[in-house]
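Below is one structure; the comments refer to it alone.
The values are calculated or read from the model by the stated rules, or taken from the named source; none is laboratory data. Predicted model, so just to flag it, every value in this text is computed and none were measured. Counting neighbours? That spans all protein chains shown, and the Cβs are built from the backbone with ideal geometry, glycine included. For the accessible areas, the whole protein counts, side chains as well, though only heavy atoms, and no ligand, DNA or RNA atoms are used. Shrake-Rupley method; radii C 1.70, N 1.55, O 1.52, S 1.80 Å.
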Amino acid sequence: QVQLVESGGGLVQPGGSLRLSCVASGIGFTHYDMAWYRQAPGQQRELVARITPYSITDYAVSVKGRFTISRDNAKNTLYLQMNSLKPEDTAVYSCNARWVTTEYWGQGTQVTVSS
């Protein structure tokens, strides 16, 4: 059974930091492209950052320089370090695993940036 379980979301003040984690089970994690997506209320889901099995990364323009995606293949875990958070970063953040045409999603974790 494939599972992607996110954690680390919460309420943070503007300018603060959070670190999201996504633990994968039931897949060959080292072979998968991994990514974080987010969806704010009333908006379409958008790609935040992605990382290849060889740790090549790519970021949305809106988060570049503030967020860092990483992976620990030994722990089957994906991370997203989020710094200098802004109210517009408020969304449900979801973990995605993709290999060829196979794709899995986590259930998401809420991130709220507010004073």
Expected max-MSF residue from 81, 44, 13 in the GNM of the chain (alpha carbon, under 10 Å) is 44
With Cα springs under 10 Å, the Gaussian network model of the chain assigns the largest mean-square fluctuation among 60, 35, 91 to 60
Ranked by GNM mean-square fluctuation in the chain (Cα springs under 10 Å), the top entry among 21, 70, 62 is 62
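Per residue Cα convex hull volume for the range 1-52, in cubic angstrom? Let's see the in-between values first.
Numbers: hull volume 6.1 nm³, N = 52.
Hull volume normalised by residue count: 117 Å³.
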So, with points 7 Å from each Cα along the Cβ direction, the residue 2-residue 58 label distance in nm works out to 2.0
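Based on Cβ point charges of +1 for Lys and Arg and -1 for Asp and Glu, what charge dipole magnitude is obtained for the chain about its Cα centre, in debye rounded to the nearest 20? Please report the intermediate quantities before stating the final value.
Working: 10 positive and 8 negative charges, 30 e Å.
For the chain, the charge dipole is close to 140 debye.
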Ignoring ligands and nucleic acids, residue 58 exposes an accessible area, probe 1.4 Å, in Å² to the nearest 10, of 60
In vacuo Debye sum over C-alpha of the chain, base-10 log of normalised intensity I(q)/I(0) at q = 0.19, 0.20, 0.21 Å⁻¹, listed in q order, is -0.94, -1.03, -1.13
HN-Hα couplings for the range 39-56 via Karplus (6.51, -1.76, 1.60; θ = phi - 60°), in whole Hz with x for Gly/Pro, come out as 9, 8, x, x, 10, 6, 5, 10, 6, 9, 6, 9, 8, 7, x, 9, 6, 7
